[in-house]
Amino acid sequence: MDFFLVGLGLWIMIGSALLLFIWGLWKKSWRALVWSGIALLPSILSIYIGGTEGWLKVSILLPLVLFVRAYYMKKRRARLL
């Protein structure tokens, strides 16, 4: 039962990350993109650290891309103000 709850928690975090990603792009909110990256980190780190090989190790780039995108959105917004 414990393994089921851990898996359910990770899938809920992936779903919330996807919703926050869509919300962040739609509303141009850098905060939503940061929270999307934070919500995605535990599941991606479990894949990365869990002993995967090959192309699955590239999955760690997804939260990093979200953080970089949020940084540039914040920087652009500060420049416009």
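Data table
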quantity	calculated
Whichever residue in the stretch 72-81 is of a type in the set (K, R) and surrounded by 10 or more Cβ atoms within 10 Å (Cβ to Cβ) and, among such residues, is modelled with the lowest pLDDT	R77
Those residues of the stretch 7-42 which are among the small types (G, A, S) and surrounded by 20 or more Cβ atoms within 10 Å (Cβ to Cβ), in sequence order	A17, G24, A32, S36, G37, A39
Meets criteria (at pLDDT 85 or above and under 19 Å from K27 (Cβ atoms)) for A39	yes
Where a residue in the stretch 44-71 is at pLDDT below 90 and its partner, wherever it lies, is among the basic types (K, R) and loosely packed, with under 13 Cβ neighbours inside 10 Å, with Cβ under 9 Å and at least six apart	I47/K57; Y48/K57
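The values are calculated or read from the model by the stated rules, or taken from the named source; none is laboratory data. Remember, predicted model here, so these are calculated numbers, not experimental data. Every residue, glycine as well, gets a Cβ built from its backbone with ideal geometry; the counts of neighbours run over all protein chains shown.
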